[in-house]
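The values are calculated or read from the model by the stated rules, or taken from the named source; none is laboratory data. Keep in mind that what you see is a predicted model, and the values were worked out from it rather than measured. For neighbour counting, all protein chains shown are included, and Cβ atoms are generated from backbone atoms with ideal geometry for every residue, glycine included.
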Amino acid sequence: MSSYDVIVIGSGPGGYVCAIRCAQLGLKTACVEGRETLGGTCLNVGCIPSKALLHASHQLHEAEHNFAKMGLKGKSPSVDWKQMLSYKEETIGANTSGIEFLFKKNKVDWIKGWASIPEAGKVKVGDEVHEAKNIVIASGSEVATLPGVEIDEKVVVSSTGALELGKIPNKMVVIGAGVIGLELGSVYKRLGAEVKVIEFLDAITPGMDKEVQRNFQKLLTKQGLEFQLGAAVQGVETKGSKAKVTYKLRKDDSEHVEDADIVLVATGRKPFTDGLGLDALGVAMEDRGQIKTDGHWATSVKGIYAIGDAITGPMLAHKAEDEGMAVAETIAGQKGHVNYGVIPGVIYTHPEVANVGATEEELKEAGRNYKVGKFSFMGNGRAKANFAADGFVKILADKDTDRILGAHIIGPMAGDLIHEVCVAMEFGAAAEDLARTCHAHPTYSEAVREAALACGDGPIHS
Ligand code: NAI
């Protein structure tokens, strides 16, 4: 039996970051992972592989649509799907082995296998029981299926199956216009598939600023994605290598059928806590299957903490990472802290969509006195040169104090641009602080400054 200060269960972005930070803070640490490789869903079958396919398919889109305009003539590249998949696998490998290296460097032991917690202070993996003064559960999430829809990962796939299809389908039906549906839907659209997205609500990307939702849907439609909103999927029937998706329109209850070669189920994820033995331990749970934690990520059982997708809050890798670092600091006797008001969200389509803080609708609902500063990428020289002038930056600031309350960006590199607003918000900055900060020309980030200027005397380039 080995004995540790901390055993982290799960090596996704929450778990591995937590384990490394624990070790850096002088705690004897192990991380249990049952997969063949470290990194969890994000690195193995989520964020990283999808970004590889998004990057490759975007390059194809550029070659097909913009190369000739720039005087780059010649035949557009054709798709070698097998090679694209091996590029994706190499990307995964480089990242997962990177974590193995970091574990060795920081002296974090990787205990291979699936963990359970027979009692507080003990973690069982296979036949071995390890002692741990502190246990951090970072067991992540799994796909939430729909009633009447069975995922076989061949014809009816989750994001995992969608990242390794045997071939590019002629027709893909995506259930759910959330982050996964739109990212992977755009990959296959760019690779030549017909893509239809069926969404229950009357708008795509629920919870996002409405102006961004509308603009985003328009741009995706221009790219050829088809949308059926306000439609509840009733079931999916498969016959050989084909599927039929049945859905009802909410407005009139009429039933419709859509044929597909591949159906991607992207209707959300749920916490994954199977096999940990939490019931027997008496760990309190939330109604929707999340582990209940206090403001310091402590569960109802002393010495057991939980972070990431397994607890409440947005299911985002970077939220889990922040919690991983903070809980490590808390265990080490420091004051770990996560500012949940400044967690950015990014959709890695083209253009990208990014947000932080409040939406305009949330401010209205809260009765806040706010102002809006908006700037279109049409007025940004760099964006025009790069065929990336679709979209805008929208900054919401308090009308009286000018303090930034939220930002919403749709446009080139939105996922990177959002961070200057995040930093500004962390420092409690006013829009004028951003507006008075010199921004290099020509960069996309000038659009952020112009939106900040629009909160005051007005932008220069519109
Ligand atoms: P999601 O919650 O983002 O979107 C699910 C969508 O499915 C919603 O729009 C919902 O209204 C719709 N839906 C639910 N039931 C339906 C039905 N019966 N018929 C039609 N539509 C229905 O979930 P998604 O895209 O599966 O992602 C799962 C999690 O993974 C999310 O929490 C997301 O934030 C995270 N993720 C984040 C990424 C990023 O940050 N770029 C990338 C991929 C996933």
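Of note:
- 1 or more residues more than 26 Å from the chain's Cα centre (by Cα), away from the ligand (no atom under 16 Å from the Cβ) and touching a residue at least 60 places away in the same chain (Cβ under 8 Å): qualifying strands (runs of 3 or more DSSP E) within the stretch 308-405: 370-376
- Residues within the stretch 134-158 that are modelled with pLDDT under 95 and in contact with a Pro (Cβ under 7 Å, 6 or more places away or on another chain), tallied: 0
- From the options K69, K105, K88, residue that is among the basic types (K, R), buried (at least 18 other Cβ atoms within 10 Å of the Cβ) and part of a helix (DSSP H, G or I): K88
- Residues located in the stretch 202-224, provided they are hydroxyl-bearing (S, T, Y), more than 10 Å from the ligand (Cβ to nearest atom) and within 22 Å of P344 (Cβ to Cβ): none
- Here D400 meets each of (1) acidic (D, E); (2) closer than 27 Å to G140 by Cα; (3) surrounded by fewer than 17 Cβ atoms within 10 Å (Cβ to Cβ) with one exception, condition (2).
- Residue match in the stretch 414-422 (condition: of a type in the set (D, E, K, R), under 25 Å from the mean Cα position of the chain (by Cα) and either over 21 Å from G207 (Cα atoms) or not in a strand (DSSP E or B) (or both)): yes
- Verdict on V212 being in contact (Cβ under 8 Å) with a residue 40 or more places away in the chain and part of a strand (DSSP E or B): no
- Residues of the stretch 175-201 satisfying the condition of being in a loop (DSSP other than H, G, I, E, B) and near the ligand (Cβ under 10 Å from one of its atoms): G176, A177, G178, E199, F200, L201
- The set of residues from the stretch 215-227 being outside any loop (DSSP other than H, G, I, E, B), surrounded by fewer than 16 Cβ atoms within 10 Å (Cβ to Cβ) and of a type outside the set (D, E, K, R) comprises just one member, T221.
Condition check ((1) within 10 Å of the ligand (Cβ to nearest atom); (2) on the phi < 0 side of the Ramachandran plot; (3) in contact (Cβ under 8 Å) with a residue 40 or more places away in the chain; (4) surrounded by 16 or more Cβ atoms within 10 Å (Cβ to Cβ)) across all residues:
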| position | (1), (2), (3), (4) |
| --- | --- |
| G140 | no, no, yes, yes |
| L146 | yes, yes, yes, yes |
| S158 | yes, yes, yes, yes |
| E164 | no, yes, yes, no |
| S241 | no, yes, yes, no |
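- Unmet requirement for H58, which otherwise passes all of (1) away from the ligand (no atom under 16 Å from the Cβ); (2) more than 17 Å from S159 (Cβ to Cβ); (3) assigned to a helix (DSSP H, G or I): (1)
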